[in-house]
Amino acid sequence: MEPLARREVLDKGFVELLGVLGDDNTVVSAARVSYLGESKGEEKDKKLVKFMMKNGHTSPFEHVVFQWRIKCPLFVRSQWHRHRTWSYNEVSRRYTDEDIEFYFPKEWRAQDTKNKQGSAGQLEILDAHFILRNTVAVAQISYAALLQKGVAKEMARMVLPQNLYTIFYGTVDLKNLLHFIELRADEHAQLEIQIYAKAMEDIIKDYVPWSYEAWREKRNG
């Protein structure tokens, strides 16, 4: 399937928009159906979108749906799947041992001394690159050896580290997509998932410009 839009992310990852159901006019129509109303022209329709966003009338935004194809490291996937309003289907390493790829960061971050789950600033330590690459190399050798000995893929995968790339489909409505971006593009989120969230934000603004503008205004206070 040819994506509508694509952004390269990290060293080997990507965000692809595969399909969109609805647009800003869908939001307006869903809002006005309560009294069997119709569009009142672009200016009034945009004002309605802003009013709903500002005042938390969010159900009309649920009628716009985005389908994505994501390639990301496992640790990013784990954070992503905490958002249970999405629908997911993911590549299974129980079925396939092909296209094994790993994420290697260009820079390393130091542990934040105040935030136990966060990082703070770049860490100058060249050995970190060697340690990670050596760990991945050993894991790949071990994985191949287990498969060669006849071990099931569902068990052999246990030796693969968290920087293994995975691919999944994710489908979500506009309301919950904006909530995801608000949380995961925030400076307090892990940098890697921030990059994915910002890539998605960059894509959707062209598909729902009124809703996006209203959301940005609300977010910026």
For segment 64-72, does any single residue satisfy the condition of being outside any strand (DSSP E or B) and in contact (Cβ under 8 Å) with a residue 40 or more places away in the chain?
-> yes
Arg84 fails exactly one of (1) modelled with pLDDT of 95 or more; (2) surrounded by 13 or more Cβ atoms within 10 Å (Cβ to Cβ); (3) farther than 20 Å from Gln162 by Cα; (4) not hydroxyl-bearing (Ser, Thr, Tyr), namely (2)
Filter result for the condition that a residue is part of a loop (DSSP other than H, G, I, E, B), surrounded by fewer than 15 Cβ atoms within 10 Å (Cβ to Cβ), in the same structural domain as Pro60 (by TED's automatic domain parsing) and at pLDDT 95 or above, over Asp202, Asp206 | Asp206
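Every residue, every condition in (1) over 30 Å from Glu154 (Cβ atoms); (2) among the β-branched types (Val, Ile, Thr), yes or no:
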| residue | (1), (2) |
| --- | --- |
| Arg32 | yes, no |
| Lys40 | yes, no |
| Pro60 | yes, no |
| Trp68 | no, no |
| Lys71 | no, no |
| Ser78 | no, no |
| Thr85 | no, yes |
| Phe102 | no, no |
Lone qualifier among Glu192, Glu187, Glu154 - being closer than 30 Å to Gly221 by Cβ and either among the small types (Gly, Ala, Ser) or loosely packed, with under 15 Cβ neighbours inside 10 Å (or both) | Glu187
Residue check, Val76 in a helix (DSSP H, G or I) and either closer than 15 Å to Asp173 by Cβ or touching a residue at least 60 places away in the same chain (Cβ under 8 Å) (or both) = yes
Residue among Gln140, Gln194 that alone is under 20 Å from Glu16 (Cα atoms) and either at pLDDT below 95 or assigned to a helix (DSSP H, G or I) (or both) | Gln194
Selected residue (only one of Phe104, Phe130 is surrounded by fewer than 17 Cβ atoms within 10 Å (Cβ to Cβ), free of Cβ contacts under 8 Å to residues at least 60 places away in the same chain, aromatic (Phe, Trp, Tyr) and over 20 Å from Phe66 (Cα atoms)) | Phe130
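The values are calculated or read from the model by the stated rules, or taken from the named source; none is laboratory data. Values in this document were obtained by computation on a predicted structure and should not be read as measured data. Every residue, glycine as well, gets a Cβ built from its backbone with ideal geometry; the counts of neighbours run over all protein chains shown.
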